[in-house]
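First the structure, in the form of structure tokens, and then the observations on it.
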Amino acid sequence: MSAKRDYYEVLGISKTAPVNEIKSQYRKLALKFHPDRNKSAEASEHFKEISEAYAVLSDTEKRKLYDQYGHIGVDGKYSTEDIFKGASGNFDDVFSDLFGRSGGGFESIFESLLGRGGGFGGFRRQKGADLLYETSITLEDVFHGKHMEIDLHKDVECLSCKGSGAAPGSSPKTCKTCNGQGQVRQTRKMGFASFVTVGPCTSCHGQGQIIEKPCKNCKGSGITKGIRHLPFDIPPGIDTGDYTIPGEGELVSDGINGDLIVRIRVLPHSDFKRDGGDIFYDKQISIIDAILGKNMEVPTLEGVEKINVEEGSQPNTIIKLKGKGLPRINSRSRGDQYVRLVVNIPKKLDKHQKNLLQEFGKTFD
């Protein structure tokens with residue numbers, strides 16, 4: 001294993017940086033490397049690294065210990081779980097601002113770092129399977145946003161025991177081996193430092209509790225098959241792709257819920273083409289209107305808009321309707337609508353029309 005980098009170097013700050021600067025820098029880096037936003041192979045490891053650095057440097061006591069003794073001072077006193085749990089309030093503050101409900105708070109971050117098969121080591125909780133829901137939406141839905149309500153056939157909390165796994169009238173007993181922690185610690189002394197390792201309790205299998213009388217309905221798991229009615233909002237400006245609703249996947253007894261992956265496909269539109277927040281519309285005009293000019297109306301996603309076709313407009317002239325495009329996701333700004341003038345040139349003319357055009361052409365000789 002390669003040696004850990006200096007926490008200040010990881011966040012790109014000086015050793016005298018105040019707390020507000022540490023938080024601000026972590027926000028920027030988290031926005032860049034959060035696995036839900038950055039799908040590159042390296043993003044997850046970068047996210048773990050900056051999160052561990054932030055967990056230590058945002059905590060006054062841990063930062064002081066780190067400044068005095070470096071990594072060995074922090075790792076010798078705290079397990080990885082302790083480091084992150086101690087900074088839970090700091091993570092919640094950052095991630096509620098950055099990602100809102102869908103981005104997850106400390107629980108989501110902690111599970112991502114320690115429970116999703118990677119982490120920094122230590123005790124790992126089992127994670128439920130992710131679920132996939134596919135849907136198609138229109139360009140109008142992209143413009144306005146869309147409220148959805150779906151029924152998911154999945155594992156749900158057992159109603160008989162209310163998820164405890166114990167038969168009605170009884171309750172789980174606290175494991176005496178781990179005192180309800182679900183994990184046991186072992187401390188090894190090496191020289192002047194003590195190293196703490198954490199592993200699941202073998203008596204309760206990491207549950208923290210022992211069920212003496214299992215629920216007959218769920219056989220002690222606390223989980224049964226059922227239907228979960230889930231309302232959620234598709235925000236304006238969304239594009240084709242996969243979006244995650246954390247914790248709405250399959251349940252795991254005393255573990256980490258899986259996620260719901262919402263796969264969205266934006267349907268092609270009969271009139272408009274899309275490029276990010278901008279939309280494009282072809283306006284068919286006659287050769288006479290192109291020559292003489294004319295005020296016209298064109299459709300937009302929020303109604304009709306007037307445009308002025310100037311005299312002598314050439315084919316493929318572009319008229320920009322500022323701010324008439326799509327909302328940009330997670331932003332108050334909007335794209336533009338571009339109207340392309342498509343000049344229709346008649347393929348067949350009668351004799352009279354040809355004579356008129358010939359006479360008209362002589363005026364340019």
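Quick look at the values:
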item: Residue within segment 240-248 that is in contact (Cβ under 8 Å) with a residue 12 or more places away in the chain, over 28 Å from Leu139 (Cα atoms), in the same structural domain as Glu134 (by TED's automatic domain parsing) and crowded, with 16+ Cβ neighbours inside 10 Å present; result: yes
item: Flag if Val56 is over 28 Å from Tyr243 (Cβ atoms), buried (at least 18 other Cβ atoms within 10 Å of the Cβ) and in the same structural domain as Asp75 (by TED's automatic domain parsing); result: yes
item: Residue match in segment 26-49 (condition: at pLDDT below 90, touching a His at 6+ places or on another chain (Cβ under 7 Å) and closer than 27 Å to Gly199 by Cβ); result: yes
item: Answer residue from segment 18-39, given it is under 14 Å from the mean Cα position of the chain (by Cα) and without any contact (Cβ under 8 Å) to a residue 60 or more places away in the chain and is surrounded by the most Cβ atoms within 10 Å (Cβ to Cβ) among those; result: Phe33
item: Residue list for segment 125-156, filter: under 24 Å from Ser203 (Cα atoms) and surrounded by fewer than 17 Cβ atoms within 10 Å (Cβ to Cβ); result: Gln126
item: Total residues in segment 254-277, condition surrounded by fewer than 17 Cβ atoms within 10 Å (Cβ to Cβ) and in a loop (DSSP other than H, G, I, E, B); result: 6
item: Test: Ile227 is exposed (fewer than 15 other Cβ atoms within 10 Å of the Cβ), more than 20 Å from Val142 (Cβ to Cβ), free of Cβ contacts under 8 Å to residues at least 60 places away in the same chain and β-branched (Val, Ile, Thr); result: no
item: Any hit, segment 345-356, residues being in contact (Cβ under 8 Å) with a residue 12 or more places away in the chain and assigned to a strand (DSSP E or B); result: no
item: Filter result for the condition that a residue is within 30 Å of Leu230 (Cβ to Cβ) and not hydroxyl-bearing (Ser, Thr, Tyr), over Arg340, Arg263; result: Arg263
item: Count - residues of segment 55-81 that are acidic (Asp, Glu) and in contact (Cβ under 8 Å) with a residue 60 or more places away in the chain; result: 2
item: Residue that is surrounded by 13 or more Cβ atoms within 10 Å (Cβ to Cβ), assigned to a loop (DSSP other than H, G, I, E, B) and not hydrophobic (A, V, I, L, M, F, W, C), where the choices are Gly312, Gly325; result: Gly325
item: Hits in segment 202-252 (condition: in a loop (DSSP other than H, G, I, E, B), among the β-branched types (Val, Ile, Thr) and under 30 Å from Gly325 (Cα atoms)); result: Ile238, Thr240
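The values are calculated or read from the model by the stated rules, or taken from the named source; none is laboratory data. All values derive from a computational prediction rather than experimental measurement. Glycine also receives a Cβ, built like all others from the backbone with ideal geometry; neighbour counts cover every protein chain displayed.
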